[in-house]
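The values are calculated or read from the model by the stated rules, or taken from the named source; none is laboratory data. Given the structure is predicted, the values throughout are model-derived calculations rather than measurements. Positions of Cβ are generated from backbone atoms using ideal geometry, with glycine treated the same way; all protein chains shown enter the neighbour counts.
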C-alpha cells in the first residue's frame, strides 16, 4: 500500500512539474490579432496565443492588457483579459470577443470582453507574477492587417505580416502572408509629348551622285536606243558599217605604203 501511495505521489509530482513549468519571456507569444474583426462583423475580434516551448504552460492568473491599465494614472484600461487554462506544447490558444461566434466552427479557449481599436494598441502579456512574457507595442498604428479585406495580423520570425486570406488562420499555423504586387517605376517614363522623334539620317553627296548616276545612265541608254530606232539604224547595221569603214581605211593605208616603197 505504501509503495502504491509513493508511486502515485511521484506521478503527481512529475505532472505538477510539467504543468507548472515556469515561463520565461517569449515562451508564450501573441501570435495573431484580428483587430479589424471579420467579414461578418467588425465586432468579431479575436486574439491568438502560441506556446513556443516543448512543455505545457499553465496561464491561469495571467493577464493581457493595454498600456493604460487600471494602476496607471491615465485611468481605466481599454482592454484587460484574465487568462485561465493550460496551453499544450506548440499549441494555440484562441480568445474570442464577447461570444463564441467571432470565429465560426472553432471553439474559443476563452471568451473576453473589451475592444481592440483600429488605430493600434500596446498589448502586454504578463504572467501571474507580473513578469512581462510578450508584447505587441503598436499604440500608434498596427503594422499589418487590413480593415477593408479583414485580413488579420500574423506574427513571423521577422516581425508581422498581413494574412494571405481574410479571417486569417485562427488556431492553426500562420499563412505565407499576403502577396505584394510590385509595380514598375514609371517616374522615369516620358509622355508621348515629351518623346522627340529621332532625326532622319542625312544622305551624303556620294550617295546622291551614285544614285543619280545609276538612274541617269539607264535613261541615257534608253534615249539613245529610242533615237536609233527612230532613225532606222539597228546595232548590227551600225557594227557592219563600222567594220567596213575600218577595212577600207586599212586597204588605203596599205596601198599608200606600197607606193612609197616603189
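If a residue must be modelled with pLDDT under 95, in a loop (DSSP other than H, G, I, E, B), crowded, with 16+ Cβ neighbours inside 10 Å and touching a strand residue (DSSP E or B) at 6+ places or on another chain (Cβ under 8 Å), how many such residues does the range 45-79 contain?
Count: 5.
Of the residues 126, 119, 102, only one is modelled with pLDDT under 95, out of contact with any helix residue (DSSP H, G or I) (no Cβ under 9 Å at 6 or more places or on another chain) and crowded, with 18+ Cβ neighbours inside 10 Å; which?
That would be 102, the only listed residue that is modelled with pLDDT under 95, out of contact with any helix residue (DSSP H, G or I) (no Cβ under 9 Å at 6 or more places or on another chain) and crowded, with 18+ Cβ neighbours inside 10 Å.
In this structure, does residue 85 turn out to be farther than 20 Å from residue 156 by Cα, surrounded by fewer than 17 Cβ atoms within 10 Å (Cβ to Cβ) and modelled with pLDDT of 95 or more?
On the way: farther than 20 Å from residue 156 by Cα: yes; surrounded by fewer than 17 Cβ atoms within 10 Å (Cβ to Cβ): yes; modelled with pLDDT of 95 or more: yes.
Criteria met by residue 85.
Which number in (1) touching a strand residue (DSSP E or B) at 6+ places or on another chain (Cβ under 8 Å); (2) in contact (Cβ under 8 Å) with a residue 40 or more places away in the chain marks the one condition that residue 114 misses?
Of (1) touching a strand residue (DSSP E or B) at 6+ places or on another chain (Cβ under 8 Å); (2) in contact (Cβ under 8 Å) with a residue 40 or more places away in the chain, only one is false for residue 114: (2).
All but one of (1) within 23 Å of the chain's Cα centre (by Cα); (2) part of a loop (DSSP other than H, G, I, E, B); (3) surrounded by 14 or more Cβ atoms within 10 Å (Cβ to Cβ) hold for residue 143; state the number of the condition that does not hold.
Result: residue 143 fails condition (3) only.
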